[in-house]
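Read through the structure below, which is laid out as C-alpha cells, and then see the notes.
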Amino acid sequence: MPTIYYLILSFALFLIGTTGVLLRRNALIVLMAIELQLNGGNLALIAFSRQLGDLKGHVFAFLIIALAAAEAAVGLAILVGLFRGRQTVNLDEITLMKR
Amino acid sequence: MTFNLRLIPLLPFLGAAILMLFGRKWSRDTVVAVAAGAIAGSCLVALDAFFTALPLAAPTGGLRDSVGTWIAAGPLKIDLAFRLDGLSGLLCLIITFIGFLIHIYSSGYMEHDPDYPRFFAYLNLFCGSMLVLVLGDSLPVMFIGWEGVGLCSYLLIGFWYKETANANAGKKAFIVNRIGDFGFLIGMFLLYQYAGTLNFQEINATATAGGVLTQPLWGATVAFWAALFLFVGATGKSAQIPLYVWLPDAMAGPTPVSALIHAATMVTAGVYMVARTHAVYLLAPGALAIVTAVGAATALFAAVIGFAQNDFKKVLAYSTVSQLGFMFVGVGTGNFEGGIFHLFTHAFFKAGLFLCAGSVMHAMSGSGDITIMGGLRKKLPWTHGVFVVCWLAICGVVFSGFLSKDSIIAGAMSAEGAMQDFAWVGRAAGIVLSVAALGTAFYMSRLYFLVFSGESRASDEIKHHIHESPGSMVGPLVVLAIGAGLGGLIGLPGGLFEHADWNLLDRELSPVLGAEVEVSHMTEIAVMVGATLLALLGIGLAWLFYGGGYREPSRKFAAAVPKLVKLAQDKFRIDELYQFLIVRPIKRIAQAIYFVVDRILIDKILVGVPVAAVDFFGRLSRSVQGNGDGQRYMAVFALGAAGVLYFATRPMAPDALKVTVSGLGVDVDARRGNKAAPEALEYSYDFDDGGKPEVSGAGPTAHHTYAQAGSYTIRVDVKDTHWNTSTSVKQKVTVR
C-alpha cells in the first residue's frame, strides 16, 4: 500500500487529537487526546521508516511511546492532585490567574 | 651583567601570599618565622648582589635582571626589569635590613593582636612593593612599587580598622597620595612624549645629552615641567608642603608600621625618585629651586608644629616631615649624595626613635601622651639608651645625623654648579635649614626631657605597669642605635682630610649620580661648627623650658602667647583650611551631582520610564493572556506552530532582483544574498510581465534580450517543488 494512506490516517488521528485537546473540557479526555496526537505522529514515523527502509523511525516511535507513558503518569498524578484539591477536573473551572 | 635580582622583591611577596593563604591556621611563631625569614632571605640576596656581584659589574649600569616584556605597544616597549646599582642597592639594603629588624620588633609589639598573620602579610607585601619601587629599571615599574607601597600604607594605617578614625586616616593617606600620583603620571607622560623612553638609564642619558628635553614648553622647558610634575608625585609620597597632611594622621597605624613605612622607607621614595631622575632635574635649575624651596619651607614649618605637639608619635611624625624637607633641599640643590646620605642616616635614627616610641607606649599601657610621661630613664634603661643615641643623631650634635645634615647644609651653601642662577635659593635654604636644625634640636630635646627626665606625671595605675619591653623589641632597638651611631661613617667628608676615598658613599653613588658637590673647606668647617652650636643652643633652650618636666619658662611662654601656642598645637589649622577650600566644595559638587544625576536623571528618568513602559506593556499583554485557561494557550500555540510551518516551507525568494542592463540585454540574478539556492527551487522569468514566462523551470539567473527599448517590469516566480509552494518578485527595468 502507498505510504500516503498511512499518512492520511496519521494526519486524521493528529487532527482528532488536536480537536480533542482544544475543545474538550474534561482534563482526563484532554490527556487522552494528547495520546492520540502522539500516536498520530508515531504512525507517520513508522510509515516513513517503512518507506525508506530505515529503522531510525521505529526507534523514535518507541522513544515516543515511552515518553507518552511517562507523560501520562505525570499528567494523571497532577489530575489526581487537582481533583483532591478542587473536587473537579473541568478545565473551565481551573482558571485562577488574575486579569 | 645579570643577577637574579627578581628574588629580592619576590621573597617578601611569596611570604605575603603564603601568610594570607595559610597564616590564620598557624601559630604565631610560624607566622613570624615565615615573614621574617622571607625578608631575611631577601636581605641576604641583596647583600650578595651589592657586595659580590655589583663590584664586578659596570659601575654606571650595575646589575640588570629582566623578567620579560611587560608592555609592547607600537614604539613603546617596557620590560619588567630590575636594576641594582650603587643607589638602588643602598636603598635595598636599608629596606631589607631595617625591614627585618622591624619584623622582629613587631613579633613582640603585636604579640597580643588577634590579627597577627594579617599584619605580617601586609608588612611583607610592603617590603616587596618597596623593593620593586627602588629596583624598578623604568618609571612604570617604579610606579608599580609606588602604588604598591601606597596600598600597603593604606592597609596598615587602617590596620585597626574598627576605629573609624584609623580607617579615615588610611583613606586620607590614600587619597592625598592619589593627587601626587597624578603628577607622577603626567611627568612620566611628558618624559615619554619628548624623550621617547621611560627607562631611567635612557632618560638620564637623553637628559645629559640635552637636546629634546631643553626645548621650550608652556613658557619653560620640557625638563622643567617633567621635573616639576614628578616632584608633585614626590610631595605626595614624601609628605611635603602642600600634601604633607596625611603623614601625621598616618600615626593611627601600629608603631612598627610608622617606623618602617612612615619614617624609614616609603616616605623617602620621593627623594629617591628625584635622585633617580637627577639628570632631568639638573637640566632645569628652576625646578631644582622649587624643590629646594618646598623642602626648606617644609623643614621649618613642620619643625614649628613639632614644638607644640603632645603626642609622642605626632612629634616624631612632624619631625619626619621636617627631615624629609632636609632631604629635598639636599637633592634640590643638586647635592644628590647629601640627600641620599641623610635618607640613609634618617632611616636608622628615625626608625629607632619610632621603635622607642613603641616601647614607651608599650610601657605606658598604650598611651602616647607625653604630658603624663616623665622619669622613664630609670624604668626603661635600654629604651632610654637607644633614644639618647638617636636623639643626639637627629639633633646633629654627634653621630650620623651630624655628618648627613651638615653635608646637606654645606651643599646648599655651594649650589652654584647645579642651580646656576638660582644659587641664592640654595643659600637661603641653607640658612632656613640651620634654623630648622635648631628647631629640630629643640622639639626633640623637649620630647626627650618630657619623657625620660624628672619625675613621672602618670597616674598610679599606669605607673604601676611600667616595664621594660621584651628582648624581641629591645634587640632591634639596640641594632638600630648602633646604626644611628655609626651609620654616618659611610659618608665621611674625606675631602676635608685629603682622603677622598674615606667617603664610601661617594664611591658607590658617584658613578650613578655624578660627582659630589664641591664644597670648600671653609664652608664645610663653618657649617659643622655653626650647625653644632645651633643644635646645642636648641638643646639648651629645651632644657631651660622642659628639663626635668615642665619648667617655669615654658609656662610663662605659653601664658604670654597663648594664641600662638594654640595655633601650633592645631597644626596651623591647615587641615581645616583644606577642608574648607577643597574637601567641602568637592562634597557640595558631589551632592549636586548626586541630586541631579542620580536622583533625577537615573532614578526618575532612566529607571522610572522603563518601569512605566514595562508596566504598561505588561498590563496590555496580561489582558490578551486571559485567566489561565490552558486550552486557550494551546490554541494560540497551534496557531503559532501553523505560522512557523507556513513560513518555513516558503521558497527562499530574494528580497529584490539584481538586474544588470547592457544595451537591450538584461541579466537577472534572483539569488537571495549570495547564498546558493536549494536545489528544489525552480525559477520562471516573465520579462515583460505579460503573463507568459519567457523562461521557465530555470536556475536562479537568466538572460534576455528585448526587441526594442522601453520600460519593462520583470516578474520572477520562485517555486519550491518539494513543498509545492511559490512566491514572486517584481522589478522595473529600463533598456535603451
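None of the figures in this text is laboratory data; all of them are computed from the coordinates on show. The shown structure was predicted, so the numbers you read here are calculated from the model rather than taken from an experiment. Glycine gets a Cβ as well: all are built from the backbone with ideal geometry, and neighbour counts include every protein chain shown.
Taking the Cα centre of region A:22-99 as origin, work out the dipole magnitude from +1 charges on Lys and Arg Cβ and -1 charges on Asp and Glu Cβ, in debye rounded to 20.
Working: 8 positive and 5 negative charges, 57 e Å.
Using Cβ point charges on Lys, Arg, Asp and Glu, region A:22-99 gives about 280 debye.
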Quiz prompt | For B:CYS92, B:CYS127, order by how many other beta-carbon atoms lie within 10 Å, fewest first | solution = B:CYS92, B:CYS127
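For a protection proxy built on the mean count of beta-carbon atoms within 10 angstrom, sort B:461-474, B:347-360 highest first, please. Each step should come with its number before you reach the end.
Numbers: B:461-474: 15.4, B:347-360: 29.5.
So the order, starting with the most tightly packed, is B:347-360, B:461-474.
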Quiz prompt | Ratio of the Cα radius of gyration of region B:463-622 to 2.2 N^0.38 Å, where N counts its residues | solution = 2.15
Exercise. Nearest 5 is fine: what % of DSSP beta bridges in region B:1-137 come out antiparallel, could you say?
Key: 90
Self-check item: Whole-Å distance, taken between Cα centres, linking region B:411-469 and region B:164-208
Solution: 29
Quiz item: What are the radius of gyration and Dmax of region B:288-569, computed over its Cα atoms and given in Å?
Solution: 19.1, 62
Quiz item: Which angle between 0 and 90 degrees, to the nearest 10, do you get for helix B:312-332 versus the longest principal axis of chain B when only C-alpha atoms count?
Solution: 80
Practice problem: Rank the residues B:ASP115, B:ASP720, B:ASP686 as a footprinting-exposure proxy: fewest other Cβ atoms within 10 Å of their Cβ go first. | Solution: B:ASP115, B:ASP720, B:ASP686
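Determine the shielding of peptide B:620-629 by partner chains: average, over its residues, the number of Cβ atoms on other chains within 10 angstrom of each Cβ. Before the final figure, lay out the partial values.
Details: counts 0, 0, 3, 1, 0, 2, 3, 6, 7, 5.
Going residue by residue through B:620-629 and averaging, the value is 3.
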Quiz item: What list of whole percents do you get for P(r) of region B:1-137, with Cα-Cα distances grouped in 5 Å bins up to the one holding the largest distance?
Solution: 2, 12, 20, 19, 15, 12, 9, 6, 3, 1, 0
Quiz item: Beyond 46 Å, what percent of the Cα pairs of chain B remain?
Solution: 38
Quiz item: Where the centroid of each part is defined by its Cα atoms, how far is region A:20-79 from region B:221-237 in Å?
Solution: 82
Quiz item: Relative to the present Cα-Cα distance, how much length would full extension add between B:ALA72 and B:GLU694 at 0.36 nm per residue of separation?
Solution: 217.4 nm
Exercise. Over the alpha-carbon set of the protein assembly as shown, work out the extent along each principal axis and list the three values in angstrom, largest first.
Key: 124, 82, 54
Exercise. Using a cut-off of under 17 Å, list every residue of region B:344-366 whose amide N is near the label point 7 Å from the Cα of B:HIS464 along the Cα-to-beta-carbon line.
Key: B:363-366
Self-check item: Cα long-axis angle, helix B:423-452 against chain B (0 to 90 degrees, to the nearest 10)
Solution: 70
Quiz item: What lysines sit close enough to B:LYS350 to cross-link, taking a C-alpha to C-alpha distance under 18 Å and skipping anything fewer than 8 places away on the same chain?
Solution: B:LYS237, B:LYS313, B:LYS314, B:LYS405
Self-check item: Highest to lowest packing among B:403-409, B:143-149, scored as the average C-beta count within 10 Å
Solution: B:403-409, B:143-149
Quiz item: Any idea what angle helix B:222-237 forms with the longest principal axis of chain B, computed on alpha-carbon atoms, 0 to 90 degrees, nearest 10?
Solution: 70
Self-check item: Approximate spin-label separation B:ALA613-A:THR95, in nm, with each point projected 7 Å along Cα-to-Cβ
Solution: 3.2
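How do B:THR292, B:THR277 line up, fewest other C-beta atoms within 10 Å first?
So the residues, fewest neighbours to most, are B:THR277, B:THR292.
Equivalent-ellipsoid semi-axes (√(5λ), Cα gyration tensor) for region B:658-735, whole Å, largest first? All intermediate terms of the calculation are to be shown ahead of the outcome.
On the way: eigenvalues 102, 35, 18 Å².
The answer is 23, 13, 9 Å, longest axis first.
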Quiz item: So how strong a dipole does chain B carry about its Cα centre when Lys and Arg Cβ are +1 and Asp and Glu Cβ are -1, to the nearest 20 debye?
Solution: 1960
Exercise. Take region B:164-283, compute every pairwise Cα distance, and split them into 10 Å bins from 0; I just need the percent in each bin.
Key: 15, 40, 26, 15, 5, 0
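Please compute, over every Cα-Cα pair in chain A, the percentage with a separation greater than 19 angstrom. Each step should come with its number before you reach the end.
On the way: 2525 of 4851 pairs.
The answer is 52 percent, as a whole percent.
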Exercise. Set the Förster distance to 60 Å, then compute FRET efficiency between B:ARG632 and B:GLU163 from the Cβ-Cβ distance, nearest 0.05.
Key: 0.35
